[in-house]
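Comments concern the structure below.
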Amino acid sequence: MNYLEKLLVGVNVEWKYLGNESFIEIANSGRKPVKASERSQGKVPYYGANNIQDYVEGYTHNGEYVLIAEDGTQSANSSDIDHPIPI
């Protein structure tokens, strides 16, 4: 039994296939990288390929999003991000 199966012992789970746009939307097309020299310093985290790169004024996305690191990271302290996220 794998780790996930152990966690779900006794739990009634309904699995759904997430293979089309009715369940997910890939929002990468909205990503507009900004050079460090062109960023206005602020309090909103600015995420790069795998971590917070800077803190900026304002944001480009508003809502609930899942960030998936391009290159992977081991430096994230939390998977919960509770604020607007510029990417």
Checking Gln74 against (1) modelled with pLDDT under 75; (2) surrounded by 10 or more Cβ atoms within 10 Å (Cβ to Cβ), the condition it does not meet: (2)
Search result, residues across region 31-52 that are farther than 23 Å from Ile68 by Cβ and not in a loop (DSSP other than H, G, I, E, B): Ser37, Glu38, Gln41, Gly42, Lys43
Lone unmet requirement of (1) exposed (fewer than 10 other Cβ atoms within 10 Å of the Cβ); (2) of a type in the set (A, V, I, L, M); (3) at pLDDT 75 or above for Leu18: (3)
Residues within region 48-68 that are small (Gly, Ala, Ser) and under 15 Å from Glu38 (Cα atoms), tallied: 2
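The values are calculated or read from the model by the stated rules, or taken from the named source; none is laboratory data. Keep in mind that this is a model prediction, so the values were computed, not measured. Methodologically, a virtual Cβ is constructed for each residue, glycine included, from the backbone with ideal geometry; neighbour enumeration extends over all protein chains shown.
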